[in-house]
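What follows is a single structure, written as structure tokens, with notes after it.
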Amino acid sequence: MKIFSKNQIRQIEENGFNEGIPSLRMMENAGAATAKCIRENFPESEYKYVAVVCGKGKNGGDGFVIARKLSETGYKTAVVLTHGKPVNDESAEMLARLRDLPVTVLDMDSDTEKCAKVISGVDLIVDAVFGIGFSGQADKNTALIFKLMNSAKAKRFSVDIPSGIDADSQFVDSVCVRADMTATPIGLKRAQVLYPAAEYCGEIKLINIGLPPVCYSNIREEMYTLEKDEIASLFRPRNPVSNKGDYGRVLIFAGSFEMPGAAVMAAKAAVNSGAGLVTLAFPDKAYGAISPNVTECVLLPLNSNESGRFSMSGFEKAREKIEKADVILIGCGIGQDFDTKEFVKSVLKEAKCPVIVDADGINILSSDIDILKEVTAQLVITPHPGEAARLLDTDTLLIQSSRLESVRRLCEKTNACVVLKGSGTLVLGLNEDTAYLNTPGNAGMAVGGSGDVLSGIIASFIGQKIPLADAARAAVYVHSLAGDEVSEKYSQMGTTPLKIIEQLPVTLKQFE
């Protein structure tokens, strides 16, 4: 599903007008489609009394159409004007069409108490105050209206986007409407899919307002989401006559004496997501912790330095495996010192197959980005916001406040496919203009080791011959879906990386 900016939405509407669809017709279509959505989800038998709270702009005009359509189908409907009469001709016309219907029209400025009583006493509040036209902060009086709507016992349904939210921002800077459901025409907006703003939108319903495909032809969306069937199309059926080499020789450099679990989780995730042969290379001082917990991989213990991390003295033993690998993962739990830096640098220089760089591998790159000048292999990097901030020499707050711009900068700086982890993980392939936004997943996955699992899945999918960026997108989706299934089975507090790994074969059955 495509995700657009406010300006792009306006351009699509303008394209519709240029295609011969009058603004009044677009408003009628939007209001009628939204009213239909309300009838389907909030039936008159349960939500008979409705207050449609309308601003003075075009969103309010949509609200007048909604009020008319609901009244015509049996709802007891009232309209509350929050900022006086409409200021555009289309909205004024739609308000006039309510005259002969049993719809009460109240003005908040002239009859505040009665408006408040209506809003607090209905079964459903339809929020049609601002839409995508809002920016900045709600003024004092508007904030009071929003608080009144939020404190009511009624369900809240927003038209286009909850009023008080900037459609282009993921942040909520002032009081806004907290919707149970939002009906959005044309396409999704950033604030509907990026947290924390998305939390205020409730369930999202995309509605069709009758714009022909040509209206979208000159619009390049900024982000998009994928559905399960689109992810499934990336997987090819397994040939009955095949062997382990057909499904990827995955080489993982991970772990240390201090963090053996990272190696275990990455390797198990690769195995459980279908890799043909996984070789786990790790510092030999971690052997006692790793070997009993990894039984389905080839183990490659290498010389350790004094800290129990990779030593360059073990690199020659790894070289042959690097030459034969279909994909390499490096970084999970390896720590950071002179030896690990030289080890990572040597692996990247030697590799001819795709390489996923995660965790401490990313931190090593951020300390010496020039390492990448000598790399010829295709790269995937998987930073969380803190690691991304170090790569871009900025702070985490800036990364989080501009995630789309950040993933683009990361891609350009590292010449890699970038997986910017977090709530609403973004994936941007090298030389791609549009970023994939992941929508499954939950807060239970915010736990140490979750990233190691994801990196193992990415390596597995690349090994299974899924193209690099597609493999990253599929891995992010499958990992999050497995996390959702684990959280539903147990709880968010009980969601652990090992449980997600155990769930992967069950989750993947949906994609065969």
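Throughout, read-outs are computed from the coordinates displayed, never taken from laboratory work. Computed from a predicted model, the values in this text were never measured in an experiment. Every residue, glycine among them, receives a Cβ derived from its backbone with ideal geometry; neighbour counts consider all protein chains shown.
Rounding to the nearest 20 debye, state how big the charge dipole of the range 132-210 is about its Cα centre with +1 on each Lys and Arg Cβ and -1 on each Asp and Glu Cβ.
Numbers: 9 positive and 8 negative charges, 59 e Å.
So the magnitude is around 280 debye.
Hey, if you put +1 on the Cβ of every Lys and Arg and -1 on every Asp and Glu Cβ in the range 1-145, which of Gly84, Ala67, Pro43 ends up farthest toward the positive end of that dipole?
About the Cα centre, the residue reaching furthest to the positive side is Pro43.
Taking amide H positions as placed in the peptide plane 1.01 Å from N, state which residues far from Phe4 in sequence (5 or more) or on other chains have amide H under 5 Å from it.
Answer set, sorted by chain and number: Leu188, Lys189, Arg190.
Rank the residues Arg409, Arg319, Arg99 as a footprinting-exposure proxy: fewest other Cβ atoms within 10 Å of their Cβ go first.
With the sparsest Cβ surroundings first, the list reads Arg99, Arg319, Arg409.
Would you work out which of Asn303, Ile204, Ile462 lies farthest towards the positive end of the dipole of the chain, given +1 charges on the beta-carbon of Lys and Arg and -1 on that of Asp and Glu, about the Cα centre?
The Cα lying farthest towards the positive end belongs to Ile204.
Can you give me the relative contact order of the chain as a percent, contacts being Cα pairs under 8 Å and 6 or more apart? Can you show the working numbers first?
Details: 1134 pairs, mean separation 59.8, N = 512.
For the chain, the relative contact order is 12 percent.
Starting from the Cα gyration tensor of the range 325-460, take the square roots of the eigenvalues, sort them a ≥ b ≥ c, and report rounded, prolate or oblate (rounded when a/c is under 1.5, otherwise prolate if a/b is larger than b/c, else oblate). Spell out each step's value before the answer.
Details: a/c = 1.42, a/b = 1.35, b/c = 1.05.
It is rounded, given that a/c, with a ≥ b ≥ c, falls under 1.5.
Looking only at Cα atoms, what is the convex hull volume of the chain per residue, in Å³? Mind showing how you got there, number by number?
Working: hull volume 80.4 nm³, N = 512.
It is 157 Å³ per residue.
Provide the per-residue ³J(HN,Hα) series for the range 52-59, in order, calculated from phi with Karplus coefficients 6.51, -1.76, 1.60 and θ = phi - 60°, each as a whole number of Hz, with x at glycine and proline positions.
3J(HN,Hα) across the range 52-59, in whole Hz: 9, 9, 10, x, 9, x, 5, 5.
For the range 10-101, which semi-axes, largest first and in whole Å, follow from the square roots of 5 times the eigenvalues of its Cα gyration tensor?
That gives 23, 16, 11 Å for the three semi-axes.
With +1 on each Lys and Arg Cβ and -1 on each Asp and Glu Cβ, how big is the dipole of the range 205-352 about its Cα centre, in debye rounded to the nearest 20? Before the final figure, lay out each step's value.
Working: 18 positive and 18 negative charges, 55 e Å.
Result for the range 205-352 is approximately 260 debye, rounded to the nearest 20.
Normalised by the number of residues in the range 228-511, what is the relative contact order in percent for Cα pairs under 8 Å and 6+ residues apart? Present the calculation step by step, with values, prior to reporting the outcome.
Values: 610 pairs, mean separation 55.2, N = 284.
Value for the range 228-511: 19 percent.
Binning at 10 Å from 0, report for the range 221-312 what percent of all alpha-carbon pair distances ends up in each bin.
Final binned percentages: 16, 36, 23, 18, 7, 0.
May I ask what percent, to the nearest 5, of DSSP beta bridges between residues of the range 228-511 are antiparallel?
Details: 6 of 28 bridges.
Antiparallel: roughly 20 percent of the beta bridges in the range 228-511.
Among Leu194, Ala377, Leu498, which residue has its Cα furthest toward the positive end of the charge dipole of the chain, with +1 on Lys/Arg Cβ and -1 on Asp/Glu Cβ?
Projecting each Cα onto the dipole axis, the largest value belongs to Leu498.
Which of the pairs Lys56/Lys76; Lys324/Lys489; Lys341/Lys421; Lys6/Lys413; Lys413/Lys509; Lys48/Lys228 have their Cα atoms more than 32 Å apart in this structure? Mind showing how you got there, number by number?
Numbers: Lys56/Lys76 22 Å; Lys324/Lys489 40 Å; Lys341/Lys421 23 Å; Lys6/Lys413 28 Å; Lys413/Lys509 37 Å; Lys48/Lys228 36 Å.
Flagged as over cut-off: Lys324/Lys489; Lys413/Lys509; Lys48/Lys228.
Pairs of alpha-carbon atoms within less than 8 angstrom and 6+ residues apart define the contacts here; what relative contact order does the range 1-68 have, in percent?
Working: 29 pairs, mean separation 23.5, N = 68.
Once divided by the residue count of the range 1-68, the mean separation gives 35 percent.
So if the hydrodynamic radius of the range 132-184 is defined as the Kirkwood radius over C-alpha pairs, what does Stokes-Einstein give as its diffusion coefficient at 37 °C and 0.692 mPa s, in µm² per second?
Working: Rh = 11.3 Å.
This corresponds to a translational diffusion coefficient of 292 µm²/s.
Leu299 to Val241: extension gain in nm, 0.36 nm per residue of separation minus the Cα-Cα distance? Let's see the in-between values first.
Working: separation 58, 0.36 × 58 = 20.88 nm, distance 2.70 nm.
My answer for the length gained is 18.2 nm.
I'd like the orientation of helix 450-463 relative to the chain: the angle between its Cα long axis and the longest Cα principal axis, in ° from 0 to 90, rounded to 10.
For 450-463 against the chain, the angle is about 70 degrees.
About the Cα centre, and with charges only on the beta carbon of Lys, Arg (+1) and Asp, Glu (-1), how big is the dipole of the chain? Nearest 20 debye, please. Walk me through the intermediate numbers first.
On the way: 55 positive and 64 negative charges, 134 e Å.
Result for the chain is approximately 640 debye, rounded to the nearest 20.
Determine Rg/Rh for the range 2-221; Rg is computed over alpha-carbon atoms and Rh is the Kirkwood hydrodynamic estimate from the same atoms.
Rounded to two decimals, Rg over Rh is 0.94.
Kindly identify the range 178-275 as rounded, prolate or oblate by the Cα gyration tensor criterion: order the square roots of the eigenvalues as a ≥ b ≥ c, call it rounded if a/c is under 1.5, otherwise compare a/b with b/c, prolate if a/b is larger, else oblate. Please report the intermediate quantities before stating the final value.
Working: a/c = 3.27, a/b = 1.75, b/c = 1.86.
It is oblate, given that a/c is not under 1.5 and a/b is not larger than b/c.
Rounded, prolate or oblate, given the Cα gyration tensor of the range 228-511, with a/c below 1.5 counting as rounded? Don't skip to the answer; put the middle values down first.
Numbers: a/c = 1.32, a/b = 1.09, b/c = 1.21.
Since a/c stays below 1.5, the shape of the range 228-511 is classed as rounded.
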